[in-house]
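Below: one structure, written as structure tokens.
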Amino acid sequence: MIRFENIGLRYGLGPEVLRDVDFHLVPGSFHFLTGPSGAGKTSLLRMLFMSLRPSRGLIHLFGQNCSDLPSSERADLRRRIGIVFQDFRLLDHLTTWENVALPLRVFGESEASYRDDVTDLLKWVGLGARMTAYPEVLSGGEKQRAAIARAVIGKPELLLADEPTGNVDPAMANRLLRLFIELNRLGTSVIIATHDFQLMDQCDAPRLVLHEGHLEIR
Amino acid sequence: MKVTWKFDNLPGRLAERVRTSPWVAVVSGLARRQAGSGTAPIVQPASVAGRALTVVIAIMTFLACLTSGAVYVVNQSANDWFADIASEVTVQVSEGQGSEFEKKVTLVSLFLAKQPGILRVNPLSAEESGKLLEPWLGGSDVLSALPVPRLIAVEIDRSSPPDLNALRESLESNFKGVTLDDHRRWQAELRTVTRSLVLGGIAVLMLVGAATVASIVSATKSAMASNREIIEVLHFVGARERFIAHEFEKHFLNIGIRAGLVGAFGATVVFLLLPLTMRLLSGRGLAAAEFRQFIGSAVLDWPGYLLFGFVVVVVATLCMLTSRFGVYRILKSYD
């Protein structure tokens with residue numbers, strides 16, 4: 001499903017921050033992406049999400065070479081990927097329900113067709129009582145769950161999460177991890193970028209470890 | 001109530017273009033809002049940058065409408081003025097005395113009235129001719145002692161004007177001391193003045209237009225910068241570039257139309273009140289009459305007001321296009 005071949009990445013004329021990255025992930029897998037701060041976790045996620053082009057090498061997503069795809073086809077591929085940002089990126093002028101429904105609205109589906117799905121998902125992530133609340137009044141954990149709900153509402157085949165537990169307490173971190181595991185059981189491939197070892201120790205999942213620009217799978 | 005738009009009778013591609021046009025989206029969006037339905041718009045409807053943009057657009061549209069209206073009025077007044085002058089010639093009877101002179105004036109007038117292409121012949125009396133010289137010679141009795149030539153104002157039919165050269169020759173051969181002045185030199189000078197006025201107005205209009213374009217493009221870019229996060233989120237949830245551009249086009253077209261209409265309405269009020277204001281300020285004297293004669297009544301006719309509509313359309317389109325290019329520029333930085 002995901003294949004990185006000899007990927008290198010440099011910003012401008014600087015040194016390569018990622019070097020000779022090779023890996024292959026199969027559908028339905030669950031991985032942690034880890035490494036020290038500045039190791040390139042977010043850059044790798046951005047390449048997985050096609051918002052950053054590698055300086056060299058090939059990236060294959062869902063069987064397609066991403067290098068020369070036109071923007072419309074890249075948008076179509078992105079629809080098969082859900083992403084959870086460290087800083088949530090919820091739109092402040094939309095309610096929690098509207099934020100979560102945003103991908104389906106963007107896909108051009110009618111509100112009637114997804115109204116119940118969004119409501120059910122919000123209840124499933126424990127935000128049933130906060131559907132009409134705006135992001136500015138949500139707690140960090142609630143925002144994170146709303147961001148996760150938005151990432152999975154389109155039933156993505158791949159879920160990318162960048163430090164999803166960075167802004168929440170350990171109890172909430174555990175709840176979010178269980179949520180990711182549950183999504184993975186339902187068939188979604190999951191990659192969680194984190195440097196929270198306590199979180200990783202709670203789940204027996206392979207780790208993609210970035211160190212000095214190189215990646216190894218442990 | 002659900003508002004639907006039917007374009008079934010249009011050819012396929014055209015119908016698609018019309019259906020996806022931001023103008024249709026804005027109008028149908030307004031209709032939907034009146035019908036009381038719809039979720040929150042994806043682009044934040046009211047933001048500080050959006051309000052600032054609204055104010056800038058309203059002010060610049062107001063100024064652009066005022067300038068275009070003023071240029072239009074000056075152009076119309078100059079044309080009317082020119083048309084008045086061009087539709088009249090003057091015949092001067094300069095030789096003769098006493099009753100013979102009066103008889104000669106009458107004969108010339110009768111001769112002129114019979115010529116084709118002449119609508120009206122108005123021989124000025126000795127008093128009227130004297131009054132024309134009063135500004136230079138004063139109102140004393142000296143005028144009666146002078147051989148003041150008599151003038152005959154001749155109104156010509158502009159739709160089928162007479163051959164003025166033939167008429168001049170005919171007059172000079174039939175009557176001694178009679179000349180025809182077709183104001184050609186005066187018209188040439190007048191044409192230069194009116195053209196200068198209109199060209200000056202167009203130059204001012206172009207400057208205001210350039211300032212309007214620069215202000216609106218700059219304000220729209222600022223407003224777009226504040227919406228960068230929305231573009232980013234839409235991009236990351238899989239929105240196509242065209243979808244994102246369309247959402248922003250709708251939003252900024254809406255702002256452009258609303259603010260533009262406010263500015264155009266302000267300019268309309270100014271032009272509606274202008275004749276009254278001019279009457280109040282200029283009074284009733286001779287100077288006021290001359291002033292009005294020079295610049296006209298300052299009344300804008302319906303094509304003039306139509307010009308305001310055109311300004312609003314240009315301003316709104318400018319906002320829409322600037323937002324579209326802004327979206328594509330931001331999206332390009334992600335790919």
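The values are calculated or read from the model by the stated rules, or taken from the named source; none is laboratory data. Only a predicted model underlies this, so the values are computations on that prediction, with no experimental measurement involved. Heads up, the Cβs are rebuilt from the backbone with ideal geometry, glycines too, and the neighbour counts pull from every protein chain shown.
Within segment A:83-132, work out how many residues are of a type in the set (Lys, Arg), in contact with an Asp or Glu (Cβ under 9 Å, 6 or more places away or on another chain) and within 28 Å of A:GLU73 (Cα to Cα).
Total meeting the criteria: 2.
Would you confirm, using the coordinates I've provided, whether A:LEU90 is touching a helix residue (DSSP H, G or I) at 6+ places or on another chain (Cβ under 8 Å), within 23 Å of A:THR188 (Cβ to Cβ) and in contact (Cβ under 8 Å) with a residue 60 or more places away in the chain?
yes
Which one is farthest from A:THR132 (Cα to Cα) among residues in segment A:143-172 that are at pLDDT below 85 and hydrophobic (A, V, I, L, M, F, W, C)?
Among residues in segment A:143-172 that are at pLDDT below 85 and hydrophobic (A, V, I, L, M, F, W, C), the one farthest from A:THR132 (Cα to Cα) is A:ALA171.
Quick one: count up the residues across segment B:218-253 that are farther than 15 Å from B:LEU321 by Cβ and either free of Cβ contacts under 8 Å to residues at least 24 places away in the same chain or away from chain A (no Cβ under 14 Å) (or both).
Count: 10.
For the condition in contact with a helix residue (DSSP H, G or I) (Cβ under 8 Å, 6 or more places away or on another chain) and at pLDDT below 75, what is the one hit in B:MET60, B:MET1?
One residue alone meets the criteria, B:MET1.
Looking at B:GLU172, B:GLU232, which one is closer than 30 Å to A:GLN86 by Cβ and in a helix (DSSP H, G or I)?
Just a single option satisfies the conditions, and that option is B:GLU232.
Within the set of pairs 6 or more residues apart or between chains, which connect a residue that is within 12 Å of chain B (Cβ to nearest Cβ) inside segment A:51-69 to a residue that is in a loop (DSSP other than H, G, I, E, B) and among the aliphatic types (A, V, I, L, M) with Cβ atoms less than 6 Å apart?
A:CYS66/A:MET50
Answer yes or no: is there a residue in segment A:36-57 that is at pLDDT 90 or above, small (Gly, Ala, Ser) and touching a helix residue (DSSP H, G or I) at 6+ places or on another chain (Cβ under 7 Å).
Taking every residue of segment A:36-57 in turn, none turns out to be at pLDDT 90 or above, small (Gly, Ala, Ser) and touching a helix residue (DSSP H, G or I) at 6+ places or on another chain (Cβ under 7 Å).
Per-residue answers, yes or no, for (1) more than 17 Å from the chain's Cα centre (by Cα); (2) under 30 Å from B:PHE265 (Cβ atoms); (3) in the same structural domain as B:SER170 (by TED's automatic domain parsing); (4) assigned to a helix (DSSP H, G or I):
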residue	(1), (2), (3), (4)
B:ILE59	yes, yes, no, yes
B:ALA64	no, yes, no, yes
B:SER68	no, yes, no, yes
B:VAL71	no, yes, no, yes
B:GLN76	no, yes, no, yes
B:PHE101	yes, no, yes, yes
B:THR106	yes, no, yes, yes
B:PHE111	yes, no, yes, yes
B:LEU119	yes, no, yes, no
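So which of A:PHE107, A:PHE88 is within 19 Å of A:ALA173 (Cα to Cα) and either in contact with a Leu (Cβ under 9 Å, 6 or more places away or on another chain) or not β-branched (Val, Ile, Thr) (or both)?
It is A:PHE88.
Anything in segment A:71-82 that is surrounded by fewer than 21 Cβ atoms within 10 Å (Cβ to Cβ), over 19 Å from A:LEU183 (Cβ atoms) and either within 7 Å of chain B (Cβ to nearest Cβ) or of a type outside the set (Asp, Glu) (or both)? List them, or say none.
Listed by number, the residues that qualify are A:SER71, A:SER72, A:LEU77.
Checking A:GLY108 against (1) on the phi > 0 side of the Ramachandran plot; (2) facing chain B (nearest Cβ under 7 Å): exactly one of these is not met. Which one?
Just one mismatch for A:GLY108, condition (2).
Of (1) closer than 26 Å to A:GLN144 by Cβ; (2) crowded, with 17+ Cβ neighbours inside 10 Å, A:PRO27 satisfies all except one. Which?
(2)
Determine whether A:SER72 is of a type in the set (S, T, N, Q) and assigned to a loop (DSSP other than H, G, I, E, B).
So A:SER72 does not fit the description; no.
So which of B:SER159, B:SER144 is exposed (fewer than 12 other Cβ atoms within 10 Å of the Cβ), within 22 Å of B:ALA78 (Cβ to Cβ) and at pLDDT below 85?
Sole residue among the options that is exposed (fewer than 12 other Cβ atoms within 10 Å of the Cβ), within 22 Å of B:ALA78 (Cβ to Cβ) and at pLDDT below 85: B:SER159.
Criterion first (modelled with pLDDT under 90, in contact with a strand residue (DSSP E or B) (Cβ under 8 Å, 6 or more places away or on another chain) and on the phi > 0 side of the Ramachandran plot) does A:GLY12 satisfy it?
Here the answer is no, as A:GLY12 does not meet what is asked.
Against the definition (within 16 Å of the chain's Cα centre (by Cα) and either more than 7 Å from chain B (Cβ to nearest Cβ) or within 29 Å of A:GLN64 (Cβ to Cβ) (or both)), how does A:PHE85 come out, yes or no?
Against the criterion (within 16 Å of the chain's Cα centre (by Cα) and either more than 7 Å from chain B (Cβ to nearest Cβ) or within 29 Å of A:GLN64 (Cβ to Cβ) (or both)), A:PHE85 qualifies.
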